[in-house]
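Notes follow once the structure below has been shown.
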Amino acid sequence: MTFYAYLGSGPVWFEQREKWIKDCPTTFWAYITFINSIYPGDANGCVGWLWYLSHDMLFFLFLPFQVLLYYRARKISYIIAYTLLAGNLILVAWLTIHFNVGTSILTNPVEGRKLYFKPWARFGSYQVGMIFGYMYYEYVKGNTPEGKKSTIGYKFFKSVQISKGLRWFFYVLGIGIMLVMVFIVTPDNRRFLRGRYWGNTFAAIYSSLCRPLYVTGLALVLMGPIVGKNEFLQIFLGSRFWAPWAKVAFYSYMVHLFVFTWYFGQMRQSFFLNHKGILWSYFGVIFISIFVATFFSVLFEAPWMQLEKLVLFPPRKKKKVEKLEEEPSLEVMKYNTGLQDKLDDTEVSDTYDTYVDEQSNLKKRAKDSF
């Protein structure tokens, strides 16, 4: 980060540079321990956009306890998952009204940071994933000979596997939910710092439900491929075409704001907002971010991954199995001797029969000649 701060110049560049130079030496430990979404909790600080990785790690640390609880008491784990989901919905709704956040962070960026970048704003959607995970596990176990077929998860996924109409209903419903959650806030986004279209009550309902409902819609769309149906989605989502992009996705997320700031931070004039300019900048930042991410992935990530495999999982040496020639036992030698005697007798018998046949043929020829 210190090296990057000296790669450009400009009025906006120096403003951002001062934040990085000031924040990074004092808060770097929070990013290493993945608590930066809680402290310092500022998305504008040193690599502040890594708040998303902080959420992933914090939720992942919470995962083993819920899995262990499910293993010990299945019904109680369901109750706790639904309780955590309901509690999160209530908390987010209250915080939205308390801080006057609105449906989008664009309507109130200052107060919106108190909720948008925090893990408790997104914990509900994680619980939705946990519930679907419980149900899918029950479906997989139910397909085994010793598995229970009376569980909720098995019945739900089995009905999706059997009924084509139910799958299509889930496709339409899931896509509809996701589209509504994305575009229903368009009136607020269009006003952008010029007031709000939706009121506090609607904003509280939307902020609490938008992420859990979006995850639910995505899960409904994926029901078919999960149970082995809809070959098109299976082939499309499981295509090898996505493999290289998946490898550089993390680095692209890491460097995209560096590329964005490097370009716009050095501009000496105001940026004129129009569709062509926005699209040009958008695709330019994406392609340059992917290029930089690929460079760092090949230079750092790939070699270290190979080194990690060699250190943690060294290849096992194959033991050479030498075939030892054992001396035949006495019984084997007797058997071989008897077999050879039989073969010799057979050869002698065949030779004598051939001699008799030849002599008889000669006698017949002699008679014919006279």
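Looking across Lys114, Lys19, one residue alone is more than 18 Å from Cys210 (Cα to Cα), part of a helix (DSSP H, G or I) and basic (Lys, Arg). It is Lys19. Scanning segment 40-71 for residues that are touching a helix residue (DSSP H, G or I) at 6+ places or on another chain (Cβ under 6 Å), outside any helix (DSSP H, G or I) and open to solvent by 30 Å² or more (accessible area, probe 1.4 Å) yields a total of 2.
Residues are listed down the side, and each one gets a yes or a no for (1) within 16 Å of the chain's Cα centre (by Cα); (2) buried (at least 16 other Cβ atoms within 10 Å of the Cβ):
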{"position": "Gly195", "(1), (2)": "no, no"}
{"position": "Leu209", "(1), (2)": "no, yes"}
{"position": "Leu218", "(1), (2)": "yes, yes"}
{"position": "Met223", "(1), (2)": "no, yes"}
{"position": "Val227", "(1), (2)": "no, yes"}
{"position": "Gln234", "(1), (2)": "yes, no"}
{"position": "Leu237", "(1), (2)": "yes, no"}
{"position": "Val248", "(1), (2)": "yes, yes"}
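Scanning segment 260-301 for residues that are free of Cβ contacts under 8 Å to residues at least 12 places away in the same chain, among the small types (Gly, Ala, Ser) and either farther than 20 Å from Gln16 by Cβ or touching a helix residue (DSSP H, G or I) at 6+ places or on another chain (Cβ under 9 Å) (or both) turns up just one, Gly277. Report yes if some residue within segment 193-200 is assigned to a helix (DSSP H, G or I) and farther than 17 Å from Thr96 by Cα; otherwise report no. Checked segment 193-200: no residue is assigned to a helix (DSSP H, G or I) and farther than 17 Å from Thr96 by Cα. Taken over segment 72-111, the criterion of being surrounded by fewer than 15 Cβ atoms within 10 Å (Cβ to Cβ), outside any helix (DSSP H, G or I) and of a type in the set (Gly, Ala, Ser) is satisfied by Ala73 alone.
Residues of segment 138-160 that are crowded, with 17+ Cβ neighbours inside 10 Å, within 23 Å of the chain's Cα centre (by Cα) and of a type outside the set (A, V, I, L, M, F, W, C): Glu138, Tyr139, Gly153.
Residue count for segment 113-133, restricted to those that are surrounded by fewer than 19 Cβ atoms within 10 Å (Cβ to Cβ), of a type in the set (Gly, Ala, Ser) and within 16 Å of Ser54 (Cα to Cα): 0.
Can you find a residue in segment 97-114 that is among the basic types (Lys, Arg) and at pLDDT 90 or above? No, because not a single residue in segment 97-114 is among the basic types (Lys, Arg) and at pLDDT 90 or above.
The values are calculated or read from the model by the stated rules, or taken from the named source; none is laboratory data. It should be emphasised that the depicted structure is a prediction, and the values quoted were computed from it without experimental measurement. Note: ideal-geometry Cβ built from the backbone for every residue, glycine included; neighbour counts use all protein chains shown. Only protein heavy atoms, including side chains, enter the accessible area calculation; ligands, DNA and RNA are left aside. Shrake-Rupley method; radii C 1.70, N 1.55, O 1.52, S 1.80 Å.
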